[in-house]
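The values are calculated or read from the model by the stated rules, or taken from the named source; none is laboratory data. These figures come from a predicted structure and were not determined experimentally. Note: ideal-geometry Cβ built from the backbone for every residue, glycine included; neighbour counts use all protein chains shown.
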Amino acid sequence: MTELSRRNFSKTILFTGLSAVMLSAAACSPKDASGGANGGASNKTLTLAVDADYIGFDPAKQQSGGTVVQIWQAVWDTLLKYNPDGEIVPNLAESFEMNDDNTVLTMKLRAGVKFTDGTAVDAAAAKASIEHMKTGGGSDASRVAKLTVEAPDATTLVLTSPEPNGLMPTFMCLSTGIVASTASLTAANRDQMPVGSGPYTLDAAATTTGATYSFVRNPNYWNKDAFPFEKVAFKILLDITARVSALKSGQVNAAPATSQTSAELKGSGLNLVENKVNWAGLFLGDRNGKTIPALGQVKVRQAMNMVFDRAGIIKALFQGNGSVTNQIFNDKSEAFLPDAINQYPFDVEKAKSLMAEAGFGDGFDLTIPSLNGLDYANPIITQQLGLLNIRVTEKKLSGGTAILEILSGKYPVFFFTLESRTALWDIVQALAPDAVWNITKDQDPALTPLINKAQTLKGAEAKANAQAINKFLIDNAWFSPWALPTAFYATDKATAASPVLGSVVPYLFTFTAK
Amino acid sequence: MLQFLLRKILSGLVLTIVVTAVTFMLIFNNGTAIARQVLGQNATAEQVAAKVQQLGLDQPVLLQYFKWLGNLLQGDLGVSYFTNEAVTSVLATRIPVTLSLVLVSLFFTMLISVIVGVAAAVRGGWLDSTLQFVSVAGAAIPNFVIAIGLVFMFALTIPLFPATGYVAFDYDTAAWARSLVLPVLAVLIGAVANSAQQFRGAMLDVLGQDYIRTLRTRGIPDRHIIFRHALRNAASPGLTILSLQTIALMGGVIVIEQVFALPGMGVLIGSAALQGDIPAVMGDVLFIVIVVVVVNIIVDLVNGWVNPKARIS
Amino acid sequence: MSVENLTTPAAAVAAEEASTDKKSVLRLILKTPVGLASSIVLLAIVIFGASAPWLAPFDPGFTDLAQTNAPPFSGSFPLGGDASGRDILSRLMFATGSTLIAACVVLVVSLLLGASAGLVAGYYGGWFDSVASWVADVILALPGFALLIALYAVIGPNILVAMAVFGVLIAPSYFRLVRALVVNVRNELYVDAAKVSGLSDFRIISRHVLRAVRAPIIIQSSFVLGAGIGIQAGLEFLGLGDPTRPSWGGMLREAFNNIYLAGINVLWPALLVTVTILVFALLGNSIRDGLHAAGSRSHTLKAQALHQIQRDYTSSTPAPSRDAVTTAAQGGGADPHLSITDLVIGYPSSATTITEVVRGVNLDVQRGEIHGLVGESGSGKSQTAFSVLGILPKQALVLRGQVLYHGKNLLTDPGLQKSLLGKKIGYIPQEPMSNLDPTFTIGKQLVYGLRAVKDISRQQAKADLLKLLARVGINDPERTFNSYPHQISGGMAQRVLIAGAIAGDPEFIIADEPTTALDVTVQAEVLELLRELQRERQIGMILVTHNLGVVADICDRVSVMQHGRIVESNSAAELFASPQHEYTRMLLGATLDGSTLRDPLTSSPAQGA
């Protein structure tokens, strides 16, 4: 027996060694507080899946779109609040007012609100936050870049824009309206430790950067009733299959879903919150024909509208979830023109003759980018444009620089899904000569005055102006939109949430336990 | 013995330096593009230029590498270009995941391979033929194909295990174990097929040796011969198999982590490489090389303990 | 696919063993069912890919929105449509060609790099060898797949370049292989080359090396191709491939992302990848096995043939051994200690036939008698001896006869035979160094052996063995006891083995050429030792040898074996004085008796041996 033990001995060494390593590895693995999610949300904990990486808690780096907004909504208040139907209401600021030409926004702050570090939420703090956003190197900085901020007294905040800017209130509902504790703006650990006045505070012990972000209720929150959950946790799950799995097994209460998985989720008994947020289709840049002369021709761009079977695309690429469109404004927008939807029917022959009329019957060469997650449309693009003798080559873009390359205007034609909020928002972000999504910085003498007016008009005039802009875009085929695909957000049976205009995910304050 | 250990550590260090240097210089990319990526699409040219200087991207590559090395020796792996988080803390969250997968897989691979390999070598017959066949099949199918098949099965048909996702060890050990079942299985099938086959070969070689025959004539019972003498002699080639398997495993888990959505080093290296987050990539490569070096040292040490001849050479 | 396992020692050694020319390699593949099937499948895959431009039903980029995620056999797409509405079958066909080409890139790069470096390193040695070997080790230690991903930032989605890089990472496997082979050949031919003047070394070596290297390289190549496909698929699955061209891994990725809508689409690319890699692996294996079988002398009998042969032997009567001259009745004793009667041992020479190596041996050994068993290599003497111990190789077939030990037939009672080992019958092997377990000290091995047959404590066993080691002429028993086999000389090792053989107090010993592997000076001492032990303990012995000098030295009786039969059996004195059989006479005539003796050795006497 003792002889055999020698072999057992060596095996024991190995086993102990391995176990030791495993244990130590496990010992340094931080906590993962997803507790309470099993079996549905109690009033206690809400666990949400997030489908993108989170950049950290530097207030200047926060983003206004996508799923990550839910995370920062837990810890910071914004000056104004954006209701699900798009109406802007007071939040940290108890009242606000725009002057007549939309160049000055005045806000009166609520009194008596404190940050969780005990300092007061006052105009000085708000000013500091906005200044930080301007210079902090975040992607939303440009929104407030030109604004000057003043705090004449402790509860008054004045934003002044050199030109009419009707979006200022909207900006104050988004990341640009975040008010963080002044000390935290420059703290060395600001990426890890946010300090706000929001409904929750970060539970650092239960947080694993890049994987789980846990929050516990801020006991002194001034608007407690709006947030029924004691704890909120976010799990970063980039992979859709992982999210579906997590939903089905009860690891999370809610998660962003996709059109492709909507049927599966519904069949598993989950609720789907539907929202038509984006328009999907082709950007047709270089409308002045500087690099690709053909694109300067209206008829060419019109042909590129008529060569796509929109209904077929919705059925095939979006599983029938969504509606056909040829406009970049969503169907609730004041700019929307329902009667113009069929202005470009699917007619390949007509498209070909349009190309010939424009003098480009032999087509031209075109390079389109191929992006992760958006390349599913490239085969149909290549094929259909090919019918017009447009010779399409794909260039794969990857990593963080992909979007940058597109925004630089290198690829005038590309497939994308872009959010549509209010008419003014869409105009500012896609049409203005310096708009982020006007990638080739095109202008048109007929369009520019309309765009300028949009910043100051109100009411019925604003609507008429918006529609006029839309008409111009459609007639001149500045884009080739195909669909308003439905965005899906899944919740388990015990959790409810409301869709928000212009957001792919429900805002945090819309979540309730059923 | 000490000299032996020191020599092994030294060669491991050299390897680490060579590998990290080569990787660093190869993935060094356009500094301006990296800075622009970090700052976002709305950054001005001056901001970009300032960032380039701040990150030291304008300096010669070799100099940057030595700086990195110097910081490393002080325990500082730099800071992610994108999240400003210390690379060491990023690694700290990812390493346990990957280590869980690698170590558990290694453990079971060796355990099963030894058992199956010994049985096949000693008994021959149908067990051996089956092993031959299974090993070729198992080694041929890429492990991520197996992984996909498993996800397919458990995501679509049998809800026994969570198809994807990971739960930390000390949060909920049972759930941790369950979340590892499928990934480990995917790795195991290919790894065991390979290792068992090789261990069988090593065992057969040993059993064919003269001294085994002589020991039988001394009247020593067969089970002692197999488990005491043969196994001990097969340990040496067995350890070689183990170290090779570890190297293979470090590469193999990358795709497995992707398929099963495990937030480990593999997923990190993919996204970091694509983004050009050099500090994170370097941290990742460093980790992988260190694991390989450590495993090799341990293997050499155990080999020295088991095989007296190896201590001298 | 674990690429790194291509370079295990076992793989290299197995490949080294094989060396034939190319024509028969092809024949080998096609002869086995596995090889044939694999070749056919591989050919089919190649055709599948090559014929794409002509035979694919659709263009790989053709999109029919209506057939997005279409199930197989539903519309005009035979295997269904993918998530963008393209024909899966056509895409698979076009993907096949580019995949195979990329795999070839791996092969070419790694082969050229590794083989040429191995050739130079093996032939010239020196600093190039050291440097190249070190570089190869470093490259092998790299986690290749991770590196390829990290390098993606530089390479971009260019799968051909990535495969070339992978080829560099694999090159060390060829390097090691070729280097080892070249070193072998160089060592062999070095002597020859010195003899043959006029022909350049290089030409000889290149001709020989190419012949020796061809088959192992082909085997290795099939595995490399398989690995290339696996790695390629992996990279493409991660999204690092070229999105504009169809690829197996890319199709897997798309299907996987779409798993809830059309999970079946995962099947086709997965199947292709798996089958292709499998086929390459099977091809490599079948070549390797084929060469191994061709070179080896071991076959396996089919069960049916085995039964038939066994029946034939048991029913037939023993053939009288012609020309056998046995004098003075087997040993002249009424109750022989060991009696071998009509022993026939054979080995399979093909799947249905056998060759006899022992053809009806009759042998008696009395108690206390040293019986020499003499013959040339291949005469069957060792086989006869092993049959007594029951340590014949697995393939051996004992077809007829009896081995009676004290009247009990060991062949029909293997349990009894086993129980005698170490206790009643001992064994002294020929080659001392390879017959000791290198991982245990001498002492431990001896203690295990002794305690296996005697129920005594470890301390007692140690004490007894130390005494025994002293008895067999080892000067410092304690030190030897604590040494490892590689730390003692050949002569000492043989004494240790003798000690091990007699530790259990056996009555009978089988000694298989116990002095053949020893220095001449040590031989005499060991023989003297054997004689003393035999006299002390009255041990019967069968002493197998080809050396008549040894026979003359210590044997009482001698049996001469030729071609599996005993041709003469007599007392030693009589045999030497008047050999009866022609063969015996020839053997005796071949000794150096009568010729001038060599000068006595002037070197210092061996220490302690």
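General observations
- Leading residue by the ranking (nearest to the other protein chains (Cβ to nearest Cβ)) among those in the range B:55-71 that are surrounded by fewer than 18 Cβ atoms within 10 Å (Cβ to Cβ) and part of a helix (DSSP H, G or I): B:61
- From B:38, B:52, B:48, B:134, residue being at pLDDT 80 or above and either in a loop (DSSP other than H, G, I, E, B) or among the hydrophobic types (A, V, I, L, M, F, W, C) (or both): B:134
- The range C:469-493 - residue that is surrounded by fewer than 23 Cβ atoms within 10 Å (Cβ to Cβ) and of a type in the set (Ser, Thr, Tyr) and, of those, nearest to residue C:459 (Cα to Cα): C:483
- Exclusive hit being in the same structural domain as residue A:452 (by TED's automatic domain parsing) and in contact with a Gly (Cβ under 8 Å, 6 or more places away or on another chain), set A:397, A:404, A:388: A:388
- Inspection of the range C:147-166 finds a residue satisfying the criterion of being surrounded by fewer than 23 Cβ atoms within 10 Å (Cβ to Cβ), away from chain B (no Cβ under 14 Å) and at pLDDT below 85.
- Given (1) within 25 Å of residue B:254 (Cβ to Cβ); (2) more than 9 Å from every other protein chain (Cβ to nearest Cβ); (3) of a type outside the set (Lys, Arg), number of the condition residue B:149 does not satisfy: (2)
- Looking at B:273, B:261, just one residue is within 30 Å of residue A:236 (Cα to Cα) and within 9 Å of chain C (Cβ to nearest Cβ), and that residue is B:273.
- Considering (1) more than 30 Å from the chain's Cα centre (by Cα); (2) more than 7 Å from chain B (Cβ to nearest Cβ), the lone condition that residue C:178 does not fulfil carries the number (1).
- Checking residue B:285 against (1) under 23 Å from residue B:123 (Cβ atoms); (2) of a type outside the set (S, T, N, Q); (3) facing chain C (nearest Cβ under 7 Å), the condition it does not meet: (1)
- Among the residues listed as C:501, C:463, C:511, the single one being out of contact with any helix residue (DSSP H, G or I) (no Cβ under 6 Å at 6 or more places or on another chain), at pLDDT 90 or above and away from chain B (no Cβ under 12 Å): C:463
- Qualifying residue in the range C:59-73 (condition: part of a helix (DSSP H, G or I) and in contact with a helix residue (DSSP H, G or I) (Cβ under 6 Å, 6 or more places away or on another chain)): yes
- Cβ pairs under 9 Å, 6+ apart, first in the range A:144-157 and within 14 Å of chain B (Cβ to nearest Cβ), second among the hydroxyl-bearing types (Ser, Thr, Tyr) and surrounded by 15 or more Cβ atoms within 10 Å (Cβ to Cβ): A:144/A:176; A:146/A:161
- Filter result for residue C:86 (farther than 19 Å from residue C:229 by Cβ and either of a type in the set (A, V, I, L, M) or buried (at least 23 other Cβ atoms within 10 Å of the Cβ) (or both)): yes
- Residue within the range B:164-175 that is of a type outside the set (A, V, I, L, M, F, W, C), in contact with an Asp or Glu (Cβ under 7 Å, 6 or more places away or on another chain) and more than 8 Å from chain C (Cβ to nearest Cβ) present: yes
- Among the residues listed as B:75, B:31, the single one being more than 11 Å from every other protein chain (Cβ to nearest Cβ) and modelled with pLDDT under 80: B:31
- The single residue among A:170, A:176 that is touching a helix residue (DSSP H, G or I) at 6+ places or on another chain (Cβ under 7 Å), outside any loop (DSSP other than H, G, I, E, B) and either surrounded by fewer than 24 Cβ atoms within 10 Å (Cβ to Cβ) or among the hydrophobic types (A, V, I, L, M, F, W, C) (or both) turns out to be A:170.
- Criterion applied to C:107, C:112 was being surrounded by fewer than 20 Cβ atoms within 10 Å (Cβ to Cβ), part of a helix (DSSP H, G or I), assigned by TED's automatic domain parsing to the domain that holds residue C:271 and at pLDDT 90 or above, and the one residue passing it is C:112.
- Subset tally (residues that are in a loop (DSSP other than H, G, I, E, B) and closer than 21 Å to residue C:252 by Cβ) for the range B:229-263: 2
- Residues in the range C:217-234 that are surrounded by fewer than 24 Cβ atoms within 10 Å (Cβ to Cβ) and within 22 Å of residue C:158 (Cα to Cα): 1 in all.
- Residue match in the range B:203-213 (condition: part of a helix (DSSP H, G or I), buried (at least 24 other Cβ atoms within 10 Å of the Cβ) and in contact (Cβ under 8 Å) with a residue 40 or more places away in the chain): yes
- Tally, over the range A:105-142, of residues that are more than 14 Å from chain B (Cβ to nearest Cβ) and not in a helix (DSSP H, G or I): 18
- Tally of residues being crowded, with 22+ Cβ neighbours inside 10 Å and either within 22 Å of residue C:424 (Cβ to Cβ) or more than 7 Å from every other protein chain (Cβ to nearest Cβ) (or both) across the range B:218-233: 5
Conditions tested, residue by residue: (1) farther than 30 Å from residue A:377 by Cα; (2) at pLDDT 95 or above; (3) more than 14 Å from chain B (Cβ to nearest Cβ).
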| residue | (1), (2), (3) |
| --- | --- |
| A:194 | yes, no, no |
| A:208 | yes, no, no |
| A:223 | yes, no, yes |
| A:228 | yes, no, yes |
| A:231 | yes, no, yes |
| A:237 | no, no, no |
| A:252 | yes, no, no |
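- Subset of the range C:228-248 [within 11 Å of chain B (Cβ to nearest Cβ) and either closer than 24 Å to residue A:367 by Cβ or of a type in the set (A, V, I, L, M) (or both)]: C:229, C:231, C:233, C:235, C:236, C:238, C:239, C:240
- Test: residue in the range A:478-489 that is part of a loop (DSSP other than H, G, I, E, B) and either in contact with a His (Cβ under 7 Å, 6 or more places away or on another chain) or aliphatic (A, V, I, L, M) (or both): no
- Failed item in (1) more than 11 Å from chain B (Cβ to nearest Cβ); (2) hydrophobic (A, V, I, L, M, F, W, C); (3) over 22 Å from residue A:83 (Cα atoms), with residue A:167 passing the rest: (3)
- Filter result for residue A:247 (more than 9 Å from chain B (Cβ to nearest Cβ) and modelled with pLDDT of 90 or more): no
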